Every structure is written in structure tokens, then in C-alpha cells.
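Shown next, in C-alpha cells, is the structure this report addresses.
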Amino acid sequence: MFKKTVFYERMRKTMAMIMIVFIPIYLAFPMLSYGEEADPGLDITSMAAVLIDAKTGTVLFESNSHEELPPASVTKIMSMLLVLEAEDRGQISMDDIVTVSDRAAEMGGSQMFMEPGEQHTVEELLKGAAMASANDACVALAEHIAGSETAFVDMMNERAQELGMENTHFQNTNGLPVADHYSSAYDIAMMSKELLEHEEIKEWLVTWMDTVNVGLEGKQKEFGLTNTNKLIKQYKGATGIKTGYTADAKFCLSGSAERGSMELIGVILGAETSDIRFGEMKAMLDYGFAVYDSVALGEKNVSLGTVSIEKGSGDSVEGVLAEDVDILTKKEEKQQITKEIYLEESLPAPIKKGDKVGVMKVLKNGEVTDTYDIVAQNDVDRWKIFDVVKGMVEYSFKK
């Protein structure tokens, strides 16, 4: 009896030890079994970081990406975006002449050292903001578009809400330190994505040095613009975007690069040194380009087939995609991506340009993951009496 008691006691202690060792492992194991991404091995020491695909906005890596932090001059991405969108609306042109106000001229920090009353084109000021991070240029542009910097900042916050930037609030156009001015790495990536939709800004984002004349008429002198973003000289395929620094924000960067058909955007906030922000940006971009690829499945406005039109001024209409379709995927899964095209056999007139005439399905391993409308490339009107008579006459002559 004594031997059995000792045996059972030893078994109890052994089982207790097994439970102590393996229960924590068991509890952690489900986190691995639900398909979460493996640790990419990125050693990010900055306060926040994110890496996204520039076309789809898909997040490829993130670290504290939604934390509200001071963005410093990375703020200017939104300012530049609003300038370009004002041009798109026809509200301003790049050739508009802007008179520098006292308010704009008194800005500190990075600037073009402009004097009150001197005049520049919108293009010159936008170039100064993009390349040299000129605070005075941002205020001058804001006043030209909205009448005052305060009104322009309201526009910035409204646009941020439209872009889904939930952790952002602007108090000025340039990122100079002020209370209640913050953003997040993810939000900055979203406005950076929107900025890169405007091809004309890319020329200045990747230009290393340029000049502009500053000063009042008769006293002008050449001012050198040097790009603050060293990434464009240090990283293959770099396309931008914007640096920032204040004592509170530390070293910040929104950077982008493209390889082949894929473009990535990375954001670093709160790096301890300038070298760290550029080093960690390169590491994120390297990871993205090494692991992911873009599969081109369809090009905007390229015919995918024809649809017959009944009782129309034309016999058929071409079916096209309204946008380029590029699917981001891991490189080892690239062969699993396929597409299927489905077009209506015939449709009654009238047909308007952009009307849905079919669908393209995107599949991964045979399972549908996305669908894209195929639309009419042009209008097709309904038959008119004149068209019918004309057709009959032409047919008779052919006979």
C-alpha cells in the first residue's frame, strides 16, 4: 500500500510539472494556427511604422501604426495634396502668381526665406514645399487657395476624414510644433498613397537639387533647393516622399519606391536619429519587395471582348475594365492567381458608356477572391427610324 501511495504521489507531481510547462505553450499555439503572418524579422526601433502597397493600400507590415504622434513636416503631404486637387478642380493653375504675406514670410524652420510682397508661381512654391520642406511656401499656398491658413487647415482636416484618417488632426499646414497636431503612421501612408496618384508631383519628389529666384523685384537672388529626402539617392527605385523633424516628433519619413509593376509606401515616425529612419525604411522596403509581387490581370480601357447590342445604332460594344487590376500576392503564391471573364451575350439598346456588361472574377486556388465589373467602352443609342431606312437602302444596293 505504501509503495502504491508513493508511486501515485510521484505521478501527481510529474503531471503537475507537465501542465506547468506545456499549458502556456498550448495557450499560445492557437495564435499560430489561425494563419497569422510570420514575423518578418524587421527590427524596428522607431515609435511607429507601416508598409503598404501603393495601389491597393494593403498593409504588409505594421508596428504601432495607429498611434497618434506628432508628424512634423510630413504634414506637408496633405498640404501638397490639396494644392494638386485644387488644380484638378480648375480652382488654381500652376502659373498663378502668389503674393507672399507677412504671415507666410515670418514662418521659421525650413523655408525659402521669402520677404513680404514678393511674388512666385504656384509651381515654384509647390516645388519649394516638396523639395526643401519650405514652411513659408506652404502658408503662402494655403492663403492663395483658401484665403487664410486657418480655412486651409479646416480643408486638411475635412480631407483627412474623407480618406478615413481616424487618428489625425491638423493645426497648421507645415508641421511646426503646436498642441493637438497629430497623425499616425497608417494615416500618413493613406494620404501619401493619394498624393502619388498625381504624377506631376513625382518629378519634384525625386529631384535632388534645383534653384528658384527669391526676393523682391530688383533685388532677387538665386536660392538653392536641396531635397531633404536622402532615400532618393540611397535606394534603388525610390519615388519620394517627405521627411520631417522636430524635437518632439524626432525623425520622421514617408518613403516610397517602385520595382517593376509594384510600388510600396513606408512610414517611419519617431526615430531617434536620421540614419535610423532611413535604415529602417530601407529594411521595410527590402522586405516588401523580397516577399511580395504584383500580378497584372487587366488594363484599363483594353477590350476584353464584345457584347452584341439589339436594336442599337451599333451592332456591338467593347467590354473594358474601368481601372487597372493588379493583385498583390506573396511570390510563392503568384501561380495560384487566375482570372475568368464573363460577358453578356447580348443586351438591348440603349447602352451608356460605363454600363456593366460583364464581370471579371479573380481566383486564388480556384476560389473567387475579388470581382471587377466589365463596362461598356462607349454609348450605343437605340435604333431610330432613319437608321432603319438607311440600313434597308444600303442592304438593297448591296443586293
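The values are calculated or read from the model by the stated rules, or taken from the named source; none is laboratory data. Small disclaimer: the values here were computed from a predicted structure and weren't measured. FYI the Cβ positions are ideal-geometry reconstructions off the backbone, even for glycines, and counts take in every protein chain you see.
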With respect to GLU258, determine if the residue is within 30 Å of GLN335 (Cα to Cα) and assigned to a loop (DSSP other than H, G, I, E, B). no
Within region 348-365, can one find any residue that is of a type in the set (S, T, N, Q), at pLDDT below 95 and touching a strand residue (DSSP E or B) at 6+ places or on another chain (Cβ under 7 Å)? no
How many residues of region 211-233 are out of contact with any Ser or Thr (no Cβ under 7 Å at 6 or more places or on another chain), modelled with pLDDT under 95 and of a type outside the set (Ser, Thr, Tyr)? The answer is 10
Which one is surrounded by the fewest Cβ atoms within 10 Å (Cβ to Cβ), of the residues in region 166-205 that are farther than 29 Å from ARG103 by Cα and at pLDDT 95 or above? GLU197
Exactly one condition in (1) of a type outside the set (A, V, I, L, M, F, W, C); (2) part of a helix (DSSP H, G or I); (3) closer than 16 Å to LEU253 by Cβ is not met by GLU200; state its number. (3)
Those residues that are surrounded by 15 or more Cβ atoms within 10 Å (Cβ to Cβ) and in a loop (DSSP other than H, G, I, E, B), I need them from region 93-108; list them, please. MET94, ASP96, VAL100, SER101, MET107
Failed condition for PRO24, given (1) modelled with pLDDT of 95 or more; (2) outside any loop (DSSP other than H, G, I, E, B): (1)
Considering region 48-92, residues that are basic (Lys, Arg) and not in a helix (DSSP H, G or I), and then whichever is modelled with the highest pLDDT, we arrive at ARG89
In region 324-345, which residues are loosely packed, with under 13 Cβ neighbours inside 10 Å and farther than 22 Å from THR56 by Cβ? GLU345
Take LYS250 and tell me if it is basic (Lys, Arg) and at negative phi. no
Do we have GLU217 as of a type in the set (Asp, Glu), without any contact (Cβ under 8 Å) to a residue 24 or more places away in the chain and in the same structural domain as VAL74 (by TED's automatic domain parsing) here? no
Of the residues in region 80-108, those that are more than 19 Å from VAL153 (Cα to Cα) and among the small types (Gly, Ala, Ser) come to GLY90, SER93
Please give the number of the condition LEU141 fails out of (1) surrounded by fewer than 16 Cβ atoms within 10 Å (Cβ to Cβ); (2) touching a Leu at 6+ places or on another chain (Cβ under 6 Å). (1)
